[in-house]
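Structure, as structure tokens:
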Amino acid sequence: LFLITALLPVVESLGFSSELLGRTSGAATTPQLSFSHWDAIEVSPFWRPTTEDEREEMGESYSTYDQDRLTNLARRHIDNVRRRKGLLVEEKIVVDAEKQRTLGRAR
């Protein structure tokens, strides 16, 4: 018998029970999750580099919308909750695309 004690973010705990039971083929018992404490994420989900110093430090690629969504932990949590609730998430589905050409047959 093993007793595992860990701190797990609430966002990460959604679906944890079913995944644990699935990966252990039902050998694990249902986990007893209890709230321990809360802590704010230090990064603002809406932060963008605005000054020259911030742009030099973070790079121009960070100021783009897509890069910000990938690297910003707070923004990722907000987007995942919005997706789970069926709310609108502003994201580009196609990042790089080429126009399809129809090649004519030689007659």
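The values are calculated or read from the model by the stated rules, or taken from the named source; none is laboratory data. Since we're looking at a predicted model, the values are computed, not measured. When we count neighbours, we look across all protein chains shown, and the Cβ atoms used for this are built from the backbone with ideal geometry, even at glycine. With ligands, DNA and RNA removed, areas are computed over all heavy atoms of the protein, side chains included. Shrake-Rupley method; radii C 1.70, N 1.55, O 1.52, S 1.80 Å.
Which FRET efficiency, nearest 0.05, do VAL94 and ALA74 yield, Cβ-Cβ r, R0 25 Å? Present the calculation step by step, with values, prior to reporting the outcome.
On the way: r = 26 Å, r/R0 = 1.02.
Taking R0 as 25 Å, the efficiency between VAL94 and ALA74 is 0.45.
Would you please give the FRET efficiency between THR24 and ARG83, computed as 1/(1 + (r/R0)^6) with r the Cβ-Cβ distance and R0 = 30 Å, to the nearest 0.05?
0.65
Tell me the carbon and sulfur percent of the accessible area for region 15-58, rounded to whole percent, probe radius 1.4 Å.
Taking all protein chains in place, region 15-58 shows 53 percent carbon and sulfur surface.
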